[in-house]
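Below is one structure, written out as structure tokens, with a few remarks after it.
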Amino acid sequence: MATSDRSYDAVVVGAGFAGLCMLHRLRGLGLTARVFEAGSGVGGTWFWNRYPGARCDVESLEYSYQFSDELQQEWEWTERYASQPEILRYLNHVADRFDLRRDVTLNTRVASAVFDESADRWTVRTDDGDTVTARFFIMATGCLSSTNTPAIPGRESFAGTTLHTGRWPHEPVDFSGKRVAVIGTGSSAIQAIPLIAAEADHLYVFQRTANFSVPAQNRPLGADEQRAVKRDYAALRARGSQMAFGFDTRSNERSALELDDDARRAEYEARWASGGLPFLGSFADLLFDRAANATAADFIREKIRALVDDPKVADLLTPSGIVGCKRLCSDTDYFSTFNRPNVTLVDIASAPIEAITATGIRTGGAQYDVDVIVFATGFDAMTGPLLRVDIRGRGGRALRDKWAEGPRSYLGLATVGFPNLFVITGPGSPSVLSNMVPSIEQHTNWIAACLGWMEARGLRRIEATSEAEDAWVAHVNEVADSTLYPSCNSWYLGANIPGKPRVFMPYLGYPAYVQKCDEVAARGYEGFTVG
Ligand code: FAD
Ligand code: NAP
């Protein structure tokens, strides 16, 4: 147990879903902990992404903690897919209800962490020059917390307002009477565009790659429906634990190619009507077989053409490629927004953005004058938040150097050469290819159990072995290569960031992964050395 208030049993970086839950677990073990959070409030993703329309695409009743039955019974969700303000309220409620704030230091970015081999301690330095030490260093920095703002020439010269969806201001942004540009058409843009269009004088959407999107079919959550779930919440959670995204994403066991056109279409129509990501569960082989995938892709393309009045605009909005290879988007009125007279789709695939000027955006020789530019250009995903901290392990080796060719981990939780460092939902774990809240809880539970096990045995150091890490990395790659996922330029592969190594980062194996983690623990932390 730490004795001074400058040294702790654990330092946790980040106060989103992961950091808050980790702190609660550490307290449960009687360990001292300090959480550092760069933002001025708790909530992580839901603190930063305040753009209009931001909401979860996993159902609220499952995109929530399960560590406290009282909490899940008390909290009332108002919509099938909760909006950002509601999720942020929930996380603030959790921070208060479990008295977490007293161990959280806000407005403080962790700049570096160095492992001292003689003391088995991490020295953690913050951006204000403060230093603390801890036995365990836990990165709860999130998979999608480092924003990506492309280095478009002239960006700094823009005289209007520049926003990023992932760093949205706290004050409401008033788009009325404004000419607005949105760059990007990923999940964030697809949620924001209909609402910005409804308010702005004119909206220009700069699209490089058209995206697949299905209707969310969001709706108010009825009190009866919610009561029914709460009567047996454990059953819902148990079902969720068998499916990557919770709720009913179970694939049909059938191949899309087994059915005739009418039967296949009926399945797609039913999923389209019920809404959201379960669309991808329509058939078992959609992400394994190109011909099967093409049937789903063609169905969505047909829907887009039916929703968009101008055939030229519809063509531009119609994606090519594999549905689900980039994360499937879930929307409310996205495609029909392009029927509005105040919305212009600008195709930057055929005429890329040349420059941002003082008054707007220049592309293909045309100038679009705007008052506001919204970057909906995503994140340096998964490794970005980890590598922005200068982490040095045994022998002073930098994580940035170790991962120069791409991330290498054992179970996404630990990496060789960095003892007593844990990563929550790190690369090599299911993370972004699962409902993240249960995945976060699974990791925080596993880490807490591991620390408890070490405490009980008086152990001071734990580190993954090279053999275990090599085997895990090979397995993660082998699984990914058996699917269609590596075939497109997604952020799962690092392809959205110029110069980033192309490595498929999440592990495609939920819930088998959970079983693997449990077995590792049951076998006395197999694949780790302890001392
Ligand atoms: P985060 O919430 O990202 O929190 C990490 C925190 O660490 C941040 O607050 C950051 O400021 C802080 N931090 C990072 N580096 C440092 C540092 N060096 N020093 C101090 N603090 C630092 N997932 C789903 O499963 N379902 C969804 O519906 C869903 N919707 C999403 C919608 C949006 C708009 C986005 C961007 C992501 C969404 N995700 C969704 C993924 C989402 O990120 C996770 O579900 C979850 O919120 C992650 O929680 P976290 O605590 O791991 O990370
Ligand atoms: P994203 O999916 O990475 O989308 C970024 C968009 O910006 C893409 O359209 C991309 O085009 C474009 N872009 C990037 N760099 C560009 C450049 N230099 N010039 C022009 N266009 C550029 O990012 P996101 O929309 O923020 O979503 C990230 C992830 O967060 C999602 O995949 C999802 O996991 C999560 N999220 C979830 C929800 C939800 O529904 N709950 C909402 C938002 C986010 P290209 O495709 O051509 O690269």
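The values are calculated or read from the model by the stated rules, or taken from the named source; none is laboratory data. Because the structure is a prediction, the values reported are computed rather than measured. In this analysis, Cβ positions are derived from the backbone assuming ideal geometry, glycine residues included, and neighbour counts consider all displayed protein chains. Side chains are part of the model used for accessible areas, which takes the heavy atoms of the whole protein and leaves out ligands, DNA and RNA. Shrake-Rupley method; radii C 1.70, N 1.55, O 1.52, S 1.80 Å.
Looking at region 427-511, the pairs of alpha carbons with a distance over 20 Å make up 49% of the total.
When the helices of the chain are scored as -39500 (n - 2.57) per DSSP H run of n ≥ 4 and the total is divided over every residue, the value at 222 nm lands at -9000 deg cm²/dmol.
With all pairs of different C-alpha atoms in the average, the Kirkwood value for the hydrodynamic radius of region 301-396 is 17.0 Å.
Just to be sure I understand the rule: take each whole DSSP H helix in the chain, project its Cα atoms onto its long axis, keep it if the span is 18 Å or more and its mean Kyte-Doolittle hydropathy is at least 1.0. Which ones pass? Don't jump to the answer; show the numbers that get you there.
Working: long enough: 84-97 (19 Å, -0.79); 187-199 (20 Å, 1.10); 261-274 (20 Å, -1.66); 290-307 (25 Å, -0.12); 436-457 (31 Å, 0.08); 466-481 (22 Å, -0.38).
Flagged H segments are 187-199.
Among the trypsin sites (Lys or Arg not before Pro) found in region 4-35, those both in a DSSP coil and sparsely packed, with 13 or fewer other Cβ atoms within 10 Å of their Cβ, are Arg6. Across the chain, the longest piece that holds none of the GluC sites (Glu not before Pro) lying in DSSP loops with up to 13 other C-beta atoms within 10 Å covers 254-404.
When the inverse distances between all different Cα atoms of region 168-224 are averaged and flipped, the Kirkwood radius reads 13.2 angstrom. Between Trp453 and Lys230, the distance separating the two model label sites (each 7 Å from Cα on the Cα→Cβ line) works out to 3.7 nm. Counting 0.36 nm for each residue step from Phe67 to Arg523 and taking away their Cα separation leaves a gain of 161.7 nm. Distance between the pseudo-spin-label points of Thr161 and Asn342 (7 Å out from Cα toward the beta carbon): 1.4 nm.
Counting pairwise Cα distances across region 7-70, what percent come out greater than 13 angstrom? Roughly 69 percent, rounded to a whole number.
Have a look at the DSSP beta bridges in the chain and tell me what percent are antiparallel, nearest 5.
40
Each principal axis of the Cα atoms in the chain has its own extent, and those three values, largest first, are 69, 56, 45 angstrom. For Trp491, neighbours were defined as the other residues whose beta-carbon sits under 15 Å from its Cβ, and their charges (Lys and Arg +1, Asp and Glu -1) total +4.
Tell me, what does the Kirkwood hydrodynamic radius of region 263-303 come to in angstroms if you use every pair of distinct C-alpha atoms?
Details: mean 1/r = 0.0983 Å⁻¹.
For region 263-303, the Kirkwood estimate is 10.2 Å.
Could you tell me the number of lysine pairs in the chain with C-alpha atoms less than 19 Å from each other, where the two lysines are 8 or more residues apart or belong to different chains?
Working: Lys303/Lys312; Lys303/Lys326; Lys326/Lys500; Lys402/Lys500.
Qualifying lysine pairs in the chain: 4.
Taking every protein chain into account, the accessible area of the chain amounts to 39 square angstrom per residue (probe 1.4 Å). Derived scalar couplings between HN and Hα for region 415-427 equal 9, 4, x, 10, x, 6, 9, 10, 10, 8, 6, x, x Hz in order, rounded to whole Hz, by the Karplus curve 6.51 cos²θ - 1.76 cosθ + 1.60 (θ = phi - 60°), x for Gly and Pro.
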